[in-house]
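All remarks here apply to the structure that follows.
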């Protein structure tokens, strides 16, 4: 049986963190150069502030201009649409969001719809939302309540070619690929070189789940925050970059 090759993208959830200074960003690097430094190591980033409020169109245009060729932004869908109205009024919430998001043009990656915890499964509501979501955009849904992780919901994701976001906030989360692709959120071994092995937050090895499209694997920001203070920042950044490059080099041999 032939194996299909996948695309591996590795990035973090956000990149603008003061506590990365001296760990990933050199101490003397100005904040306006942080993205350039970040994009020299990673080829994707999850943008979280689109969840809390929708930035002006000029912000998306600035993100587009600063992105190097081949870079990909993953956007978190608006909190209003996912948590306040809970997937109701999809035409209005999706339409408003995409009016801004589409300004990223070719740099727009998957749109992540994170649903709230303590909300019992409502497959009909989810189906109504995904039916409206344009199929020329890539979508993923993250469930924080385990009651959503059922066959009825997985069938809806498959029907609408929507990726299931796999994360470690729910114990024993199903490692299921829907619609031929997935988003995986995990703490990966890519930064293990900069962490003491005795740490309770030591990175866990990620077990491949045979997707045809690895969209992004964000690294926990606490990984960088909690590194030993005496570690040399240049060494950290170099080690991180080397490990990322090794992952990218091995991409072609990944069984998918």
Original post:
Looking at 35, 60, which one is touching a helix residue (DSSP H, G or I) at 6+ places or on another chain (Cβ under 8 Å), outside any loop (DSSP other than H, G, I, E, B), within 25 Å of residue 106 (Cβ to Cβ) and free of Cβ contacts under 8 Å to residues at least 40 places away in the same chain?
Top reply: 35
**OP:** Give me a count of the residues in the range 77-104 that are touching a helix residue (DSSP H, G or I) at 6+ places or on another chain (Cβ under 6 Å), farther than 21 Å from residue 123 by Cβ and surrounded by fewer than 21 Cβ atoms within 10 Å (Cβ to Cβ).
**Re:** 4
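Looking at 12, 58, 7, which is the one that is modelled with pLDDT under 95 and either surrounded by fewer than 20 Cβ atoms within 10 Å (Cβ to Cβ) or farther than 25 Å from residue 138 by Cα (or both)? I'd like the intermediate steps shown before the answer.
Details: 12 fails: either surrounded by fewer than 20 Cβ atoms within 10 Å (Cβ to Cβ) or farther than 25 Å from residue 138 by Cα (or both); 58 fails: modelled with pLDDT under 95.
Of 12, 58, 7, the one residue that is modelled with pLDDT under 95 and either surrounded by fewer than 20 Cβ atoms within 10 Å (Cβ to Cβ) or farther than 25 Å from residue 138 by Cα (or both) is 7.
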**OP:** Please go through the range 132-156 and pick out each residue that is closer than 15 Å to residue 175 by Cα and surrounded by fewer than 21 Cβ atoms within 10 Å (Cβ to Cβ).
**Re:** 144, 146, 149, 150, 151, 153, 154, 155
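Suppose we keep only residues that are assigned to a helix (DSSP H, G or I) and under 21 Å from residue 74 (Cβ atoms) within the range 115-142. Which one would you say is farthest from the chain's Cα centre (by Cα)? Lay out the reasoning, then the answer.
Step one: of the range 115-142, the residues assigned to a helix (DSSP H, G or I) are 123-132.
If we keep only those that are under 21 Å from residue 74 (Cβ atoms) too, we end up with 126, 129-130, 132.
On the way: 126: 20, 129: 21, 130: 19, 132: 22 Å.
Looking at residues that are assigned to a helix (DSSP H, G or I) and under 21 Å from residue 74 (Cβ atoms), I get 132.
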Subject >> Hits in the range 70-102 - residues which are in contact with a strand residue (DSSP E or B) (Cβ under 9 Å, 6 or more places away or on another chain) and on the phi > 0 side of the Ramachandran plot >> reply: 87
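The values are calculated or read from the model by the stated rules, or taken from the named source; none is laboratory data. All values reported here derive from a predicted model rather than from experimental measurement. Because the Cβ atoms are built from the backbone with ideal geometry, glycine has one as well, and the counts that use them run over all protein chains shown.
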